[in-house]
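Okay, so here's the structure we're looking at.
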Amino acid sequence: MTEVSRTVRIGSSHGLHARPAKLFAQAARDSGANVTIAKGAGAPVNAASILGVIGLGVEFGDYVTLTADGDAPDDVLDTLAELLTTDHDA
């Protein structure tokens with residue numbers, strides 16, 4: 001298994017509040033991979049934990065780093081990065 005990281009910019013105009021955080025955490029859980037998300041230089045949290053994701057206080061335009069390991073981590077990060085860069089508040 002390979003660990004892969006990717007940094008993306010948050011696209012939701014209101015950041016990772018309840019609805020986009022729920023979509024993201026559910027997708028991370030469904031991926032079957034071990035995925036973490038970190039804001040800036042902060043400590044990473046389990047991406048499948050909606051409370052952990054909301055607790056990061058991620059706002060529009062913030063950069064977050066996703067790290068995944070498991071089967072096909074690049075594919076997992078492609079899917080999760082697309083969720084984070086989409087404006088779910090539009």
### Message
Restricting things to Cα coordinates, could you compute the convex hull volume per residue of the chain in Å³?
### Response
71
### Query
With each label point set 7 Å from Cα along the Cα-Cβ vector, what nm distance links residue 13 and residue 82?
2.3
### Task
Only loop residues by DSSP count here, and only those with at most 13 other Cβ atoms within 10 Å; note down the GluC sites (Glu not before Pro) in the chain that meet that.
none
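Just rank 8, 58, fewest to most, by other beta-carbon atoms within 10 angstrom.
Values: 8 18, 58 24.
Ascending number of Cβ neighbours within 10 Å: 8, 58.
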### Message
If I fit a long axis through the Cα atoms of helix 73-85 and take the longest principal axis of the Cα atoms of the chain, what angle between them do I get, 0 to 90°, rounded to 10?
### Response
0
### Task
Would you please state the base-10 log of I(q)/I(0) at q = 0.21 1/Å for the range 23-72, with intensities from the Debye formula using one equal scatterer on every alpha carbon?
-0.68
### Query
Going by how many other beta carbons lie within 10 Å of each one, how would you line up 13, 49, fewest first?
13, 49
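Determine the relative contact order of the chain: mean sequence separation of Cα pairs under 8 Å and six or more apart, normalised by residue count, in whole percent.
Relative CO of the chain lands at 48 percent.
Coordinate-derived values only; no laboratory data. Because the structure is predicted, anything quoted here is derived from the model rather than measured. Neighbour counts run over all protein chains shown; Cβ positions are idealised from the backbone, glycine included.
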